[in-house]
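The values are calculated or read from the model by the stated rules, or taken from the named source; none is laboratory data. Just so we're clear, the structure is a prediction, and the values are computed from it rather than from any experiment. Every residue, glycine among them, receives a Cβ derived from its backbone with ideal geometry; neighbour counts consider all protein chains shown.
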Amino acid sequence: MRSLWLAGVAVLTLCPAWTSSLAQGTSVAGRWFATGRMLHNGEQEKAILDIKQDGTQLTGNVRGLGYTFPIKGTVQGAHFELFGADWNDKKPFLTGDLVDGKLVGLQWNNKFEARPVTPADEFPKLPYIEPPALHTVPYNGLAKTPPMGWNSWNLFADRVDDQTVRTMADAMVTSGMRDAGYIYVNIDDTWEGLRDEHGVLHTNSKFPDMKALADYVHSKGLKIGIYSSPGPRTCGSYPASYGFEEQDAKMFAEWGIDYLKYDWCSAATIYSNDKLQPVYQKMGDALAATGRPIVYSLCEYGLGSVEKWGPAVGGNLWRTTDDIRDEWGSMIFNIEKQVPTAPYAGPGHWNDPDMLEIGNGHMTADEYRTHMGLWALTAAPLLAGNDIRTMTEETKSILLNKEVIAVNQDLLGKQASPTRKGDIETWIKPLADGGVAVGVVNFGAAEAKATIRAADLNLAGSVKSARDLWAHKDVQFANDAYSAAVPSHGILMLRVAAR
Ligand code: GLA
């Protein structure tokens, strides 16, 4: 959920001058208040930084409307640097100086200013709602193979609107994405307006009529998804479903929603992690009660061993990682992180290493082929995150590679696991027809020769045929092995049939 900082949804700037007591604000330690951009529903983003100091070391947390996360950092004289404590970043997300009782500097590349907190700045304390006792939510019969579609977040973030979704739905049809299996068109965060006195959550002005939009998407032979959080606010700080689970689920069903991504975020300001399961179960029950088949996507970044209880709360998929970024290191980090969850993937319930970045411009074509290949081999949901309306032929050839999609959609539903030798990593996925799909990734800086041995595939002496899924050609095993060159950061992918 760090993406909102990266994506700048919570850019914090332009604090009004604070002229009261300077007893606060004489060191970096303390509680600081910052305001940010206007949200699309007319509210203003705000955050409180709680910083503790021990010598030159800083710890604490940041809380916004929709999120809270721990921080760590250093201070030298008046200069400070802060990092997300759980992030793996080399660059601080916040850096600056104590100037005249204020923190002044940069949040990533944006101007930042914070002043000491006043009582009026505090977040309202919401009543605690105990989630119901655990039971098993019946399987909804959906997602027998990993869900496929498109989601607005990776490229559009808070810029998604009705028109974008309509034109994207059009493009899903004209590009061939729909016919290749990508049927869900999912609206992520920032569609929300305000909740009224009857508890009805309205859309904001970007989405004038959600039912009409759902009807439009359905008229294209597609399905539509939406997003909320079990907390009071979404990660992007918009109103969410805390205390209104049944009402929201009913409204989603009335709109014709087919898929819900339910993102933990501000639930962390109310519940500890031992409540993850009952809290997710509550929405699972609410969706089931609507009687509408709605794919249930749990988004809680792999907390609390979600793979062990995801199906019991009615979940069809669950995130296993933090947010993906459009870069090789992030993509690989996410796919490797979900390796231990492999035994828990299967028809109806999938591990989700986050959405695709293919076509968003910051990886090479070889790297995007590896991204697609690894998501296919690991039976991950295939949710494109690029602009389908303008994608290049190269991007199309990756997202629309039907032979690779078939590996992902294989009915056995097995998640490939890797073995690594030096720079070469081999992922093997057993298939329903008794054959296997195998992917060999080259992590080295130069092209390398990869050898796939039938014995490693449990097919010694019984390889019937083999096909290279990126070259789209049949290849021959000789002496029970096949070798080929793999470019740096590229993938060799074969489908091997057994005799
Ligand atoms: C979190 C999720 C992302 C996206 C954003 C929206 O960061 O992990 O996938 O949904 O929230 O605010």
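Six or more apart or on different chains, Cβ atoms under 8 Å: show the pairs whose first residue is in segment 478-499 and touching a residue at least 40 places away in the same chain (Cβ under 8 Å) and within 14 Å of residue 454 (Cβ to Cβ) and whose second is part of a loop (DSSP other than H, G, I, E, B) and of a type in the set (Ser, Thr, Tyr).
Pairs found: 498/462.
So which residues in segment 189-217 are closer than 25 Å to residue 38 by Cα and hydroxyl-bearing (Ser, Thr, Tyr)?
Once the filter is applied, which keeps residues that are closer than 25 Å to residue 38 by Cα and hydroxyl-bearing (Ser, Thr, Tyr), segment 189-217 yields 190, 203, 205.
With the requirement that a residue be within 16 Å of the ligand (Cβ to nearest atom), closer than 18 Å to residue 373 by Cα and in contact (Cβ under 8 Å) with a residue 40 or more places away in the chain, what does segment 310-334 give you?
Within segment 310-334, 324, 325, 326, 331, 333 qualify.
Could you tell me how many of the residues in segment 186-202 are assigned to a loop (DSSP other than H, G, I, E, B) and not β-branched (Val, Ile, Thr)? Don't jump to the end; show me each part of the working.
First, pick out the residues of segment 186-202 that are assigned to a loop (DSSP other than H, G, I, E, B): 187-191, 196-200.
So of that shortlist, the ones also not β-branched (Val, Ile, Thr) come out as 188-189, 191, 196-199.
Residues in segment 186-202 being assigned to a loop (DSSP other than H, G, I, E, B) and not β-branched (Val, Ile, Thr): 7 in total.
Just give me the residues in segment 179-202 being crowded, with 21+ Cβ neighbours inside 10 Å and on the phi > 0 side of the Ramachandran plot, in sequence order.
Scanning segment 179-202 gives a single hit, 190.
Filter segment 61-75 for residues that are away from the ligand (no atom under 16 Å from the Cβ), touching a Leu at 6+ places or on another chain (Cβ under 7 Å) and either more than 15 Å from residue 107 (Cβ to Cβ) or not in a strand (DSSP E or B) (or both) and give the result.
The answer is 72, 74, 75.
Based on what the data block shows, is residue 54 under 22 Å from residue 118 (Cα atoms), among the acidic types (Asp, Glu) and more than 25 Å from the chain's Cα centre (by Cα)? Before you say what the answer is, go through the steps one by one.
Details: under 22 Å from residue 118 (Cα atoms): no; among the acidic types (Asp, Glu): yes; more than 25 Å from the chain's Cα centre (by Cα): yes.
Taking the combined requirement at face value, the residue does not satisfy it.
When segment 203-235 is examined, which residues are found to be assigned to a strand (DSSP E or B) and loosely packed, with under 15 Cβ neighbours inside 10 Å?
At the first step, the residues of segment 203-235 found to be assigned to a strand (DSSP E or B) are 203, 223-228, 233.
Across segment 203-235, there are no qualifying residues.
Being out of contact with any Asp or Glu (no Cβ under 9 Å at 6 or more places or on another chain) and modelled with pLDDT under 50 is the filter; apply it to segment 9-51 and report the residue that is nearest to the ligand (Cβ to nearest atom).
Of everything passing the filter in segment 9-51, 16 is nearest to the ligand (Cβ to nearest atom).
Which residue pairs have Cβ atoms under 9 Å apart, sit 6 or more places apart or on different chains, and have a first residue in segment 28-53 that is under 21 Å from residue 202 (Cβ atoms) and a second that is basic (Lys, Arg)?
If the second residue must be basic (Lys, Arg), the pairs left are 40/206; 44/37; 45/37.
Can you confirm whether segment 195-212 contains a residue that is free of Cβ contacts under 8 Å to residues at least 40 places away in the same chain and within 30 Å of residue 400 (Cα to Cα)?
Yes, there is a match, as at least one residue in segment 195-212 is free of Cβ contacts under 8 Å to residues at least 40 places away in the same chain and within 30 Å of residue 400 (Cα to Cα).
Pull up segment 272-299, narrow it to residues that are in a loop (DSSP other than H, G, I, E, B) and touching a helix residue (DSSP H, G or I) at 6+ places or on another chain (Cβ under 6 Å), then point me to the one that is farthest from residue 186 (Cα to Cα). Full working, then the answer.
We begin by selecting, within segment 272-299, every residue in a loop (DSSP other than H, G, I, E, B); these are 272, 291-294.
From the residues that got through so far, the ones that are touching a helix residue (DSSP H, G or I) at 6+ places or on another chain (Cβ under 6 Å) too are 292, 294.
On the way: 292: 17, 294: 12 Å.
Looking at the filtered set, the residue picked out is 292.
Which count do you get for residues in segment 134-161 that are within 16 Å of the ligand (Cβ to nearest atom) and in a loop (DSSP other than H, G, I, E, B)?
4
Return the total of residues in segment 236-271 being part of a loop (DSSP other than H, G, I, E, B) and among the hydroxyl-bearing types (Ser, Thr, Tyr). Give the steps one after another, and end with the answer.
Just the residues of segment 236-271 that are part of a loop (DSSP other than H, G, I, E, B), to begin with: 236-238, 240-244, 256-258, 264, 270-271.
Checking which are among the hydroxyl-bearing types (Ser, Thr, Tyr) leaves us with 237-238, 241-242, 271.
Of the residues in segment 236-271, 5 are part of a loop (DSSP other than H, G, I, E, B) and among the hydroxyl-bearing types (Ser, Thr, Tyr).
Give me a count of the residues in segment 440-499 that are buried (at least 20 other Cβ atoms within 10 Å of the Cβ), more than 16 Å from residue 425 (Cβ to Cβ) and touching a Gly at 6+ places or on another chain (Cβ under 6 Å).
Looking only at that region, the number is 1.
Which condition breaks for residue 318 when tested against (1) in a helix (DSSP H, G or I); (2) of a type in the set (Phe, Trp, Tyr); (3) under 13 Å from the mean Cα position of the chain (by Cα)?
Of (1) in a helix (DSSP H, G or I); (2) of a type in the set (Phe, Trp, Tyr); (3) under 13 Å from the mean Cα position of the chain (by Cα), only one is false for residue 318: (1).
Here's a check for you: in segment 373-405, which residue that is among the hydrophobic types (A, V, I, L, M, F, W, C), within 20 Å of the chain's Cα centre (by Cα) and not in a helix (DSSP H, G or I) is nearest to residue 431 (Cα to Cα)?
379
Quick one: what pairs do we get from segment 222-251, first residue in contact (Cβ under 8 Å) with a residue 40 or more places away in the chain and aromatic (Phe, Trp, Tyr), second within 16 Å of the ligand (Cβ to nearest atom) and part of a helix (DSSP H, G or I), C-beta under 8 Å, 6+ apart or different chains?
242/266; 242/267
I need every pair where a residue in segment 175-194 that is within 16 Å of the ligand (Cβ to nearest atom) has its Cβ under 8 Å from the Cβ of a residue that is among the acidic types (Asp, Glu), sequence separation at least 6 or different chains.
These pairs meet every condition: 184/258; 189/158; 189/263; 190/158.
Quick grid of which residues meet (1) free of Cβ contacts under 8 Å to residues at least 12 places away in the same chain; (2) at positive phi; (3) within 16 Å of the ligand (Cβ to nearest atom):
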site: 254; (1), (2), (3): no, no, no
site: 267; (1), (2), (3): no, no, yes
site: 272; (1), (2), (3): yes, no, no
site: 305; (1), (2), (3): yes, yes, no
site: 308; (1), (2), (3): no, no, no
site: 349; (1), (2), (3): no, no, no
